[in-house]
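The values are calculated or read from the model by the stated rules, or taken from the named source; none is laboratory data. Since we're looking at a predicted model, the values are computed, not measured. Reconstructed Cβ throughout: ideal geometry from the backbone, glycine too, with neighbour counts over all protein chains shown. The protein model used for the area step is the full one, side chains on, heavy atoms only, and it has no ligands, DNA or RNA in it. Shrake-Rupley method; radii C 1.70, N 1.55, O 1.52, S 1.80 Å.
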Amino acid sequence: MQMDFIKELGYKALDSRLKRISDRIAHDVRKFYKEQGLDIEPNWYLVFMLLRHGEAVPIAAIAERLGYAHPSVVVLVRKMAEKKYLQVKQDSKDRRQQLVSLSPKAIKLLPQLEMIWNSCEKAILQVLSDDLAILRHLDRIDAALKTRSFHDRFQQAYLDSNIS
């Protein structure tokens, strides 16, 4: 029987464990999209959800709402626009900003996507056994890292270990 090294490490490998779980879910969602004939990436879900009510949103606002770095959102939006799921236009009031909205192709797909997202939500609840306590833990971690970055905490722990 093969041991799970990441699991053995416990909290010391928290980032690796979360990434592994995230990768497994993303892989299966990507596979499902392909089975449905959709050329969509799992991480596009958030942008679809954010824009599904029809308003055009600046890229900077998308980044802020998602808590993502602006350059990451620029790449995400570019990929979605290349696949014709998004329309990107320069803001007539502020030429520095680009406004993003769903394309007609994406709007037409929304009913099917919402069915898929609802099914995905049910599957997540099933995996969690309807116990959403993990979300409170993630909220607490997120809040702690907003208060003081992991880099600062890590650096201080390193400095403290060198003093002892």
**Complete:** Within segment 21-40, the residues that are more than 13 Å from residue 106 (Cα to Cα), touching a residue at least 12 places away in the same chain (Cβ under 8 Å) and not hydroxyl-bearing (Ser, Thr, Tyr) are 25, 26, 29, 30, 32, 36
**Request:** For residue 37, work out the one condition from (1) at pLDDT 95 or above; (2) part of a helix (DSSP H, G or I); (3) more than 14 Å from the chain's Cα centre (by Cα) it doesn't fulfil.
**Result:** (2)
**Prompt:** Of the residues that make up segment 116-137, is at least one in contact with a Lys or Arg (Cβ under 6 Å, 6 or more places away or on another chain) and in a helix (DSSP H, G or I)?
**Reply:** no
**Request:** Kindly indicate whether residue 108 is out of contact with any Lys or Arg (no Cβ under 7 Å at 6 or more places or on another chain), open to solvent by 90 Å² or more (accessible area, probe 1.4 Å), in a helix (DSSP H, G or I) and not β-branched (Val, Ile, Thr).
**Result:** yes
**Complete:** Taking segment 13-41 and keeping only residues that are more than 20 Å from residue 79 (Cα to Cα) and of a type outside the set (Asp, Glu), one is left with 13, 14, 16, 17, 18, 19, 20, 21, 22, 24, 25
**Message:** Yes or no: segment 123-138 includes at least one residue that is within 25 Å of residue 38 (Cβ to Cβ), in contact with a Phe, Trp or Tyr (Cβ under 7 Å, 6 or more places away or on another chain) and modelled with pLDDT of 95 or more.
**Reply:** no
**Request:** Run residue 77 past the list (1) under 19 Å from the mean Cα position of the chain (by Cα); (2) under 20 Å from residue 40 (Cβ atoms); (3) open to solvent by 60 Å² or more (accessible area, probe 1.4 Å) and report the number of the one that doesn't hold.
**Result:** (3)
**Asked** Hey, does segment 146-155 have a residue that's assigned to a helix (DSSP H, G or I), among the polar types (S, T, N, Q) and either touching an Asp or Glu at 6+ places or on another chain (Cβ under 8 Å) or open to solvent by 50 Å² or more (accessible area, probe 1.4 Å) (or both)?
**Response** yes
**For residue 45: the one exception among (1) more than 22 Å from residue 69 (Cα to Cα); (2) part of a helix (DSSP H, G or I); (3) open to solvent by 80 Å² or more (accessible area, probe 1.4 Å)** = (1)
**Request:** Would you mind stating whether residue 96 is in contact with a helix residue (DSSP H, G or I) (Cβ under 9 Å, 6 or more places away or on another chain) and either under 30 Å from residue 36 (Cβ atoms) or open to solvent by 70 Å² or more (accessible area, probe 1.4 Å) (or both)?
**Result:** no
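Per-residue answers, yes or no, for (1) open to solvent by 100 Å² or more (accessible area, probe 1.4 Å); (2) more than 13 Å from the chain's Cα centre (by Cα); (3) at pLDDT 95 or above:
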| residue | (1), (2), (3) |
| --- | --- |
| 2 | yes, yes, no |
| 8 | yes, yes, no |
| 13 | no, yes, no |
| 27 | yes, yes, yes |
| 33 | no, yes, yes |
| 62 | no, no, yes |
| 67 | no, no, no |
| 73 | no, no, yes |
| 81 | no, yes, yes |
